[in-house]
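Right, one structure below, let's go through it.
The values are calculated or read from the model by the stated rules, or taken from the named source; none is laboratory data. Just so we're clear, the structure is a prediction, and the values are computed from it rather than from any experiment. Positions of Cβ are generated from backbone atoms using ideal geometry, with glycine treated the same way; all protein chains shown enter the neighbour counts. The area values use the complete protein model at the heavy-atom level, side chains included, leaving out ligands, DNA and RNA. Shrake-Rupley method; radii C 1.70, N 1.55, O 1.52, S 1.80 Å.
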Amino acid sequence: QVQLVESGGGLVQPGGSLRLSCATSGSIFSIYAMGWYRQAPGKQRELVAFRTSTDMTNYADSVKGRFTISRDNAKNMVYLQMTSLKPEDTAVYYCNAGGPTSRNWGQGTQVTVSS
């Protein structure tokens, strides 16, 4: 099991940017999919983006063109660069290793987009 710790959340104005980071306790080199999910109040957790070890990416339609997921296997880090943020992006963002059915989740970091 991989321990995951997110950071980088906060309060940002609409149109602003944030970069989330996910530090892992072990090597992610062999983990096929590293991803970011989010959960807004009263809503189910949803996929934001994932990146595979073969550099395939997948993004939710709502964030395409605005968010970019990257992974640094050498540093065992995963990042989510978020730009042109909207109020509807407000949620707790979770890092995941191995897919949504795995047990590898971080504790989450709050992102609030508000003026």
* Calculated on alpha-carbon atoms, Rg and Dmax of region 1-111 in Å -> 12.8, 37
* **Proximal lysines relative to Lys43, as straight alpha-carbon distance under 22 Å, when same-chain residues fewer than 8 apart are discounted** => Lys64, Lys86
* Asked: To the nearest 20 debye, what charge dipole does the chain have about its Cα centre, counting +1 at the Cβ of each Lys and Arg and -1 at the Cβ of each Asp and Glu?
  -> 40
* Asked: Roughly how many Å² is the accessible area per residue of the chain, as a whole number, for a 1.4 Å probe?
  -> 52
